[in-house]
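Participant: For reference, the structure I am asking about is given below.
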Amino acid sequence: MKVLEIKKNKIKNMLDIYFDDDLILTMYEEDYYRMNLYEKEQFTYEDIEKIKDITEEKLARTYAMKLILYKKRTKKEIEDLLSKKDIKIDIINKVIQGLEADGYLDDILYAKKLIQKLALKNKSKKQVEVEFKLRGLDYLKEIIDSYEDDEATLCKIFNKKFLDKDLKDEKTRFKIYNFFRSKGFSNEVIRKFIPLDR
């Protein structure tokens, strides 16, 4: 394909390359010069695919960095958000590997901070597992397993919210019982604090 014209794009540091078959290729100006493309009058399909991949990878990394700088994220979250932009999976993988290597993505550190945050909120182990799964961290079983047992968590919540409630009243017992069930606590653990039969 023959190059007809090269113009600066509206986006800073980007160029538009116009070809004789009505193709317009947008790429970073620095890559245009780094790859010595200014010397070429003809481009092969392989050249164009390579340029597209290089440009897509840089754009994907820039977008991922914006997401991470706005809010810490996991590999899975970045993968999902980049996939929504129809970015090729091999480019997504390269971007994620690069961000990990540069220290911008660290699932283990993220998981440790998340578990501390969930502990402060007195979440049940079931709730922790759900939160980890939503963020693609469920493969970090050892961190999930390090979470304090449900009995200690339920005791904290019970003492904070329900210590002054009349457990002799059946409606009150069922209300508290259902509260803990909705939070993911098992029947066995709940019954240690709220026996259903009185």
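What follows draws every value from the coordinates through simple rules; no lab data is involved. Quick caveat: nothing in here was measured; it's all calculated off a predicted structure. We place every Cβ from the backbone using ideal geometry, glycine too, and count neighbours over all the protein chains shown.
Participant: Jot down the radius of gyration and Dmax of the stretch 149-198, Cα atoms only, both in angstrom.
Facilitator: Here Rg and the maximum Cα pair distance are 9.8, 28 Å.
Participant: Go through Lys8/Lys58; Lys85/Lys117; Lys71/Lys94; Lys72/Lys121; Lys40/Lys88; Lys117/Lys141 and tell me which ones have a Cα-Cα distance over 24 Å in this structure.
Facilitator: Lys85/Lys117; Lys40/Lys88
Participant: Further question on the same structure: Only helical DSSP H runs with n ≥ 4 go in: add -39500 (n - 2.57) per run for the chain, normalise by residue count and round the 222 nm mean residue ellipticity to 500 deg cm²/dmol. All intermediate terms of the calculation are to be shown ahead of the outcome.
Facilitator: On the way: 10 runs with 113 residues, N = 198.
So the calculated ellipticity at 222 nm is -17500 deg cm²/dmol.
Participant: Sort 108-121, 156-169 for me by packing, meaning the mean count of neighbouring Cβ atoms within 10 Å per residue, highest on top.
Facilitator: The peptides rank, most packed first, as 108-121, 156-169.
Participant: Please count, across the stretch 149-198, the pairs of lysine residues with Cα atoms under 17 Å apart that sit 8 or more places apart or on different chains.
Facilitator: Step by step, the pairs that qualify in the stretch 149-198 add up to 16.
Participant: Another question, then. Please report, in Å, the Rg and the Dmax of the stretch 83-183, where both are computed over Cα atoms only.
Facilitator: In order Rg, Dmax, the Cα atoms of the stretch 83-183 give 19.3, 62 Å.
Participant: With no solvent and one equal point scatterer placed on each C-alpha of the stretch 46-105, evaluate the Debye formula and give log10 I(q)/I(0) for q = 0.12, 0.27 Å⁻¹, two decimals.
Facilitator: The Debye formula, applied to the Cα set alone, gives -0.26, -1.15.
Participant: With equal scatterers on the alpha carbons only and no solvent term, can you work out the Debye log10 of I(q)/I(0) for the chain at 0.12, 0.14, 0.19 1/Å?
Facilitator: Treating every Cα as an identical point scatterer, log10 I(q)/I(0) equals -0.74, -0.87, -1.20.
Participant: Using Cα-only point scatterers and the Debye equation, what is log10 of I(q)/I(0) for the stretch 106-148 at each q in 0.15, 0.22, 0.31, 0.32 Å⁻¹, rounded to two decimals?
Facilitator: Summing over Cα pairs of the stretch 106-148 leads to -0.27, -0.60, -1.27, -1.36.
Participant: Report the paramagnetic label zone for Lys161: residues of the stretch 87-124 whose backbone N is under 15 Å from a point 7 Å from Cα along the Cα-to-Cβ axis.
Facilitator: Output list for this probe position: 119-124.
Participant: Would you work out the relative contact order for the chain, in percent, from Cα pairs under 8 angstrom that are 6 or more residues apart?
Facilitator: Numbers: 184 pairs, mean separation 25.6, N = 198.
Across the chain, relative contact order equals 13 percent.
Participant: Can you pull a Stokes-Einstein diffusion coefficient for the stretch 1-103 at 20 °C (1.002 mPa s), Rh from Kirkwood over Cα pairs, as a whole number of µm²/s?
Facilitator: Stokes-Einstein gives a translational diffusion coefficient of 144 µm²/s.
Participant: At a 10 angstrom cut-off on C-beta neighbours, averaged per residue, how do the peptides 31-40, 97-106 rank from highest to lowest? Intermediate results must be reported in sequence, preceding the final value.
Facilitator: Details: 31-40: 12.6, 97-106: 14.1.
Highest mean packing first, the order is 97-106, 31-40.
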